[in-house]
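The structure appears right after this line, and notes come after that.
Laboratory data are not the source of any read-out in this text; all were calculated from the coordinates shown. Small disclaimer: the values here were computed from a predicted structure and weren't measured. Note that we place each Cβ from the backbone using ideal geometry, even for glycine, and neighbour counts take in every protein chain shown.
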């Protein structure tokens with residue numbers, strides 16, 4: 001079992017969940033956070049820290065959110081690990097700028 005960040009996180013970007021994660025399994029994309037299913041140890045600590053209730057145990061996902069299991073796995077490979085929350089607890093934060101693919 002692993003935990004999964006779902007669409008309720010899109011545009012929200014609260015990062016309080018990151019501070020309670022003992023294994024740094026959160027990855028930060030431009031619009032939301034993702035959980036690496038290979039790193040998640042199923043501790044459940046992040047769930048209570050998510051104001052929009054975007055984090056679910058994969059076995060508890062409603063049928064209309066099952067696609068988020070694959071999305072988290074794929075996107076956690078693409079985006080960097082976030083090791084600590086950004087900004088005051090309980091407040092959404094801005095994502096870092098997307099790396100440019102254009103040569104400088």
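Data table
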{"read-out": "The stretch 59-84, residues that are in contact (Cβ under 8 Å) with a residue 60 or more places away in the chain, surrounded by 12 or more Cβ atoms within 10 Å (Cβ to Cβ) and under 18 Å from residue 14 (Cβ atoms)", "value": "68, 72, 82"}
{"read-out": "Residues of the stretch 49-74 that turn out to be within 13 Å of residue 33 (Cα to Cα) and more than 13 Å from the chain's Cα centre (by Cα), as a count", "value": "0"}
